[in-house]
Structures are given as C-alpha cells and as structure tokens.
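Everything on this sheet refers to the single structure shown next.
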Amino acid sequence: MQFIDKVKLKLKAGNGGNGIVAFKREKYNPLGGPSGGDGGDGGSIVFKVDTNKSTLLDLRFNKMIRAEDGENGKTNNMFGASRDDIIVKVPLGTIVKDLDSDEIVADLNTLESEEVICQGGKGGKGNYHFKSSRNSAPDHATLGTPGQERNVLVELKLLADVGLVGLPSVGKSTLLSVVSNARPEIADYPFTTLKPQLGMVKIADTSFVMADLPGLIEGASQGKGLGHEFLKHIERCRLILHVLDMGREDPIHDYEVINEELRQYPDNLIERPQIVIANKMDLDNAEENLKRFKENYPELEVYETMTLINEGLKPVLYKAAQMLKELPPFPLYDPNKTDKKIIYTYEEEKPFEIFNEGNGIWRVEGERIRRLFLNTDFKNDDSVMRFSRALTRMNLDEALREKGCQNGDQVFIEDYSFDFSDEE
C-alpha cells in the first residue's frame, strides 16, 4: 500500500436552511396565525480517528469535501430537515492545519479523538418564532447561516514512543523485526525502508510503540535523500534509539552527521533523550571503532548489539522502558513559540471593529455583527428593521460617531453599504 502522509483539502460545511414566512389558511380557523417553520441545520465536517487506517491514501483524490445544506422550513410549523455530518476517518496521529491562518485546528492523538473541523450553518427561524402580544402576525423570518469553509493541510505524524534513527543499512529494520511483531523489508542494500514502520514492543510488565524511520543521510533536513520526508514522524517520540554500524569506516562521523540533521530540523529534535546502540559488533573492525567512539564520547552509555542474532538487545529495551516511565509526553507544539498554534483560552467576543478606509468610506467587521447580517433578509422590511434595532443596541451609531464618521458617509457591512446619519 502506498504511504501517503500529507494531503491538501478544501472543506465546506452545509449552509443552514432558511426559515419561512407562512400563515395558516384553514376554513374553520381564519385567524390561525403564523406557521412558518425553522430551517434545518447544515451538515458539519468531522474528522475521527480510525485504527484500521495507517495512511491518508483515501483522501488523496478528494480535493473537495462538502456537506449538504439544511432544508428550508415548511408550513404548519414544520422544520426543514437537518443534514447528517460527514465523518472523515483518519489514522491515529493526524493533525489538521488551516492553510489560511496557519493554525493547527485539530490534533487527533488519542483513540477517541473526534473534532469538528467545519461547523455546519444553523437553520433560520420561521415567522412562528416572532409571534408576540404586540405582533400577532409577524411577516418576517431569518435566513440560515452559511457553513464554515476551510482550506486545510491534513498531515500524519506517527504516534510512537521510541524512534529508531541512523544512516541507511545500520540495522534499524532488523532491530525492529527482532523486538516486535513488525515485519519491515530487510536487505543488504540502502533504503530498503521506504515508509515508516511501527511495532509494539513488550518487555517485562510494560510495552511501548517503536517506529523504524527511513535512513537519514547528510543534508536530510534540507531535503536530501528519503529521510527528510519522515523526520516529522520523530516529533511525537519521547525517546530516540540512535543506531550505529560499528563496522563502517568512521562511526564517529556517522553519529555527528545524524545528530546534526536532528539539530537542523525546525523542531530541534536533538533535545530528545537518546540511547546509543553500537550494532554489528561481530564485524572485524567493530571493537577498534567502538574503542575510538568511547574515547570521543566518554559521557555516553553505549549498548553493544548484534541485532541479526538478537544479542545485546534486552538491556536496551529495559533501559528504554525505564526511561519512558519517567519521560513526560514531549509537546508536539510549543505554546511559547511565535508561530500560530491553537489557543484554548477564552476571550470575550468583540461585537464589531470599525475601519476608516478614507474618502468617507468605513467598514464594520466582527463575527457577531457578521452573523446578524447573514441572518437578515434585506428584501423584508420587518427583517431590516430588526437588523437596525440590533445595531442600535450594539451602540454602532455612537461608535461610528466617535471614530469621526460624518453624515452621508458610506458604511460597509459585508457586501452591503449604508448611508450614515449623524442624527441622535
């Protein structure tokens, strides 16, 4: 199966149906009153974790995902039908990023993860809702609100506790196959691993997930070789197993090359705790190379292994299990960084903001005033009056006056313009 870990999509939730204006016209009930029903809600687009999926291949050719619009209201106080949400199933470890705001809008990192990415529009109110003692026959209804739209990048970042890194053909795939139930391709030539492999490792009374990532080469963080495509999958790993081939000409240089690539990667992967594995100790020059390596890095604890015959691996696994018990989850997104991330703090919503565009033209923006605008049917006088009264309650006139808006200036809300009057 082809490994796809990054897909761009355009998402559009369904619009809410419109409420309608209707009156009962029955032979024996001449004063039946208003009977316009509410519009139905539009469908939302929801991303949900599916453990049966390991790639984003299903989404590769779905450039546009659109939910259905809610049905308009009906007579006799009948509601229009609300539409079902569209459930997009993705692998565990998927993130969703808004391409326009550069904001992470979902991080699906648990088995129960389910996030509404695009909220469906709410149905408008029928005229039945506006019946009162003062107005027994209201002849206006509200429109449904539009569904949310987003251009998103869907990206898979594998969930693994331990990541195997090293140059090609140092024995990472063999190690994973020996200590877990994973069956990666193993051969005596470089780049046999073309996609990340996951395996569950069980040792004593604990277990953890290990990921074998395609071999890195010098310059991988700048896009060379295959490894640069998969460095991002180390981002979630709490611990790195750095595998060295002690039979190579200069393992010290190999060790420095890989660490430099981890250092150059944007998320500074060099900060992750490492266990250094000296593999292929059965080769002729391995003992001499290991001695030189320890002289250069006396502070490092190095584990000697021969993965092909499963020798020396148990101490590595026990050490990894012990460290994982003490290591907290490594934050995938650092809130102290300057780039945009999701922020889960409450801020009071501003009803509007006013912008002076010069030459007597003003623009009013804000989510609250936008919702009010989209809910208004400007072909209906009563609906327009309700809109005007709502603006007055928000003190928009006074705010425009304070900003310097003059009599006769044009005030834009969305695509509509209004002439400003400075009369109190």
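The values are calculated or read from the model by the stated rules, or taken from the named source; none is laboratory data. Keep in mind it's a predicted model, so treat the numbers as computed, not measured. Note that each Cβ is placed from the backbone with ideal geometry, even for glycine, and that neighbours are counted across all protein chains shown.
For this structure, a couple of remarks:
- Selection within region 249-281 - surrounded by fewer than 14 Cβ atoms within 10 Å (Cβ to Cβ) and within 21 Å of residue 317 (Cα to Cα): 271
- A count restricted to region 141-156 and to residues that are surrounded by 22 or more Cβ atoms within 10 Å (Cβ to Cβ) and either in a loop (DSSP other than H, G, I, E, B) or free of Cβ contacts under 8 Å to residues at least 60 places away in the same chain (or both) stands at 6.
- Evaluation of residue 241 against the conditions (1) in a helix (DSSP H, G or I); (2) at pLDDT 90 or above; (3) within 23 Å of residue 109 (Cα to Cα) shows that the sole unmet condition is (1).
- Residue count for region 23-43, restricted to those that are part of a loop (DSSP other than H, G, I, E, B) and surrounded by fewer than 22 Cβ atoms within 10 Å (Cβ to Cβ): 8.
- The residues in region 6-55 that are within 19 Å of residue 115 (Cα to Cα) and modelled with pLDDT under 80 can be counted, and the count is 2.
- Count - residues of region 311-335 that are modelled with pLDDT of 90 or more and over 19 Å from residue 240 (Cα atoms): 1
- All of 81, 13, 106 fail the test of being touching a Phe, Trp or Tyr at 6+ places or on another chain (Cβ under 7 Å) and touching a residue at least 12 places away in the same chain (Cβ under 8 Å), apart from 106.
- Flag for residue 154 being hydrophobic (A, V, I, L, M, F, W, C), modelled with pLDDT of 85 or more and under 30 Å from residue 100 (Cα atoms): yes
- Selected residue (only one of 144, 93 is small (Gly, Ala, Ser) and touching a Gly at 6+ places or on another chain (Cβ under 8 Å)): 144
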